[in-house]
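Participant: Structure provided below as structure tokens; questions to follow.
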Amino acid sequence: MNINNYVDRDYRLLHGSKDLKYFNIKVKESDLAIGVDADACNDSLVSLCLRELKRLRSELEYYIEMHPEFKTSFVPIELFPTAPEIARIMGTAALLAGVGPMAAVAGAIAQQIGQMLTQYSREVIVENGGDIYLRSYHERVIAVFAGQSKFSNHIGIKVNPGGQALGICTSSGTVGPSISLGTADAVLIKAGSAALADAAASRAGNQVKTGKDLLKAIEAAQEIAGIMGILVIKDEQMAAWGDIEIVPIVVK
């Protein structure tokens, strides 16, 4: 596997929303691509997002110092009463999905930044390492990156949220640095919460060891309240369930 494609975020070259303006912010492992209305994008907004990202990470890192199990557990755990909001969001998503709270970290951060941005921009897309918070009034197509699979960057998920927030998050056992107990090339989850979609993608992805396990991943997702749909890719095989509209993408 050529992991450089993931680390360099080459898939971001596919951002094609002409009505949005994109910028990037990065703090340690958090590497966000943010799309907002062109007339809302300015240096002050970029600085605001960077400060918010630093705040979220600082609160989470401090909490982990006090509660190390929050970082290492692979199952839901009880939070301390002093847990910050970001940790509570992660803990709630983890409980629903039956995984450890860190399985929701990227989606939770994208969600918190995205919700803040809705005060400044009608259209908001926040992508954090393949985990997306989206609030849009227009039809969008989210490209699917699935490592070396033939489907990678050749199919997308069409969504038409109508102004409702969506979480569209992807877990992989063959791409990127995140821990997965499975070997799926991509498990994409669609939900009303990015934190929940992130946690659920991890839960479903853990079920896939071979191409025969796609149904196991779908069944795992179906057990989680709040999941709208799932797409699973392993090598040359693909399966989907729920509110998932798959469309082809032509890479020019």
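The values are calculated or read from the model by the stated rules, or taken from the named source; none is laboratory data. None of these values were measured; they are calculated from a predicted model. Note that we place each Cβ from the backbone using ideal geometry, even for glycine, and neighbour counts take in every protein chain shown.
Participant: In the range 20-76, which residues are polar (S, T, N, Q) and either in contact (Cβ under 8 Å) with a residue 40 or more places away in the chain or assigned to a helix (DSSP H, G or I) (or both)?
Facilitator: We begin by selecting, within the range 20-76, every residue polar (S, T, N, Q); these are 24, 30, 42, 44, 47, 58, 72-73.
Residues satisfying the conditions are 30, 44, 47, 58, 72.
Participant: Applying the selection to the range 77-108, what residues are touching a residue at least 60 places away in the same chain (Cβ under 8 Å) and more than 19 Å from residue 205 (Cβ to Cβ)?
Facilitator: The answer is 89, 92.
Participant: Among the residues of the range 63-79, write down those that are of a type outside the set (D, E, K, R) and under 18 Å from residue 103 (Cα atoms).
Facilitator: Just the residues of the range 63-79 that are of a type outside the set (D, E, K, R), to begin with: 63-64, 66-68, 70, 72-77, 79.
Passing the criteria: 63, 64, 67, 68, 70, 72, 73, 74, 75, 76, 77, 79.
Participant: When the residues of the range 122-140 are narrowed to those that are closer than 20 Å to residue 187 by Cβ and among the small types (Gly, Ala, Ser), which ends up surrounded by the most Cβ atoms within 10 Å (Cβ to Cβ)?
Facilitator: 130
Participant: If you go through the range 183-205 one residue at a time, how many are surrounded by fewer than 24 Cβ atoms within 10 Å (Cβ to Cβ) and either among the β-branched types (Val, Ile, Thr) or over 20 Å from residue 135 (Cβ atoms) (or both)?
Facilitator: Total meeting the criteria: 1.
Participant: Kindly indicate whether residue 196 is assigned to a helix (DSSP H, G or I), closer than 24 Å to residue 73 by Cα and at pLDDT 95 or above. Don't jump to the end; show me each part of the working.
Facilitator: Working: assigned to a helix (DSSP H, G or I): yes; closer than 24 Å to residue 73 by Cα: yes; at pLDDT 95 or above: yes.
So residue 196 fits the description; yes.
Participant: Residues to consider are 66, 102; find the one that is at pLDDT 95 or above, more than 24 Å from residue 185 (Cα to Cα) and out of contact with any Leu (no Cβ under 7 Å at 6 or more places or on another chain). Break it down into steps so the answer makes sense when it comes.
Facilitator: Working: 102 fails: more than 24 Å from residue 185 (Cα to Cα).
Being at pLDDT 95 or above, more than 24 Å from residue 185 (Cα to Cα) and out of contact with any Leu (no Cβ under 7 Å at 6 or more places or on another chain) holds for just one of 66, 102, which is 66.
Participant: Would you confirm whether any residue within the range 168-179 is closer than 16 Å to residue 36 by Cβ and in contact (Cβ under 8 Å) with a residue 12 or more places away in the chain? Let's see the steps before the verdict.
Facilitator: Residues of the range 168-179 closer than 16 Å to residue 36 by Cβ: none.
No, the range 168-179 contains no residue that is closer than 16 Å to residue 36 by Cβ and in contact (Cβ under 8 Å) with a residue 12 or more places away in the chain.
Participant: Let me ask something else. For the range 219-252, give me each residue that is acidic (Asp, Glu) and closer than 17 Å to residue 198 by Cβ. Break it down stepwise before answering.
Facilitator: Here is the first cut: in the range 219-252, the ones acidic (Asp, Glu) are 219, 223, 235-236, 243, 245.
Across the range 219-252, the qualifying residue is only 223.
Participant: Now for a different question. Within the range 227-248, does at least one residue satisfy the condition of being under 18 Å from the mean Cα position of the chain (by Cα) and either closer than 21 Å to residue 112 by Cβ or modelled with pLDDT under 90 (or both)?
Facilitator: Looking through the range 227-248, at least one residue is under 18 Å from the mean Cα position of the chain (by Cα) and either closer than 21 Å to residue 112 by Cβ or modelled with pLDDT under 90 (or both).
Conditions tested, residue by residue: (1) modelled with pLDDT of 95 or more; (2) surrounded by 16 or more Cβ atoms within 10 Å (Cβ to Cβ); (3) farther than 30 Å from residue 222 by Cα.
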| position | (1), (2), (3) |
| --- | --- |
| 19 | no, no, yes |
| 42 | yes, no, yes |
| 46 | yes, no, yes |
| 57 | yes, yes, yes |
| 86 | yes, yes, no |
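Participant: Given the criteria within 18 Å of residue 33 (Cα to Cα), out of contact with any strand residue (DSSP E or B) (no Cβ under 8 Å at 6 or more places or on another chain) and not aromatic (Phe, Trp, Tyr), does residue 112 qualify?
Facilitator: Yes, satisfied.
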